[in-house]
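Contents: one structure, followed by commentary.
What follows draws every value from the coordinates through simple rules; no lab data is involved. Predicted, not measured: the structure shown is a model, and the values here were computed from it. Ideal geometry is used to build each Cβ from the backbone, glycine not excepted, and the neighbour counts take in all protein chains shown.
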Amino acid sequence: MNTFIKAGVIGGLALIVTIAAQPLIASSTEAAGKSNWKIGRVYNRLVCNACHRLDGGTVTSPYDRKKAEWSAYFKADQHAKGGTVNSSAKYYASQEYRSSIQKENKAAAKFLKVPSEEMMAHVIEFYIHGAKDSDTPARCQ
């Protein structure tokens, strides 16, 4: 029984250490400039798709292209057939754009402090992560 208690205590201590280290891991990942497809997905759904659906438009899904095609699209930085304000894809992930729509879009307001380059990296990661030829192809909802 003492072994079980010791194991529980050791396990409990390991859990405490893991939880305490979690913020350090997250901040070091951010500091390294690591993009997060999950943040890109949230931004895409709540900011990008909100605009794409206006006036009967359609959303752009990661599944619409292969990884290489998405990489070329973002490298070219051309917002496809639209972009009523700006033809740059980067513009739509920028703090400037988020600031301009923050009154109408709560998600844009929430993400306002995220640097433009970081948000763009998250969006790109989402599209690459869900591309047609990825291990996790995804369609927009």
Legend entry - 3J(HN,Hα) from dihedral phi, the stretch 34-43, Karplus parametrisation 6.51/-1.76/1.60, rounded to Hz, x for glycine, proline: 6, 7, 10, 4, 5, 5, x, 5, 4, 4
Inset, instruction - Calculate the spin-label point distance for S88 paired with K66, positioning each point 7 Å from the Cα along the beta-carbon direction, and give it in nanometres. - result: 3.0
Inset, instruction - Net charge near Q95: determine it from the other residues with C-beta under 13 Å of the C-beta of Q95, scoring Lys and Arg +1 and Asp and Glu -1. - result: +1
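A 22 angstrom limit on the alpha carbon distance is what I want to check against. Which of K67/K103; K34/K106; K34/K110 exceed it?
Table pairs above 22 Å Cα-Cα are K67/K103; K34/K106.
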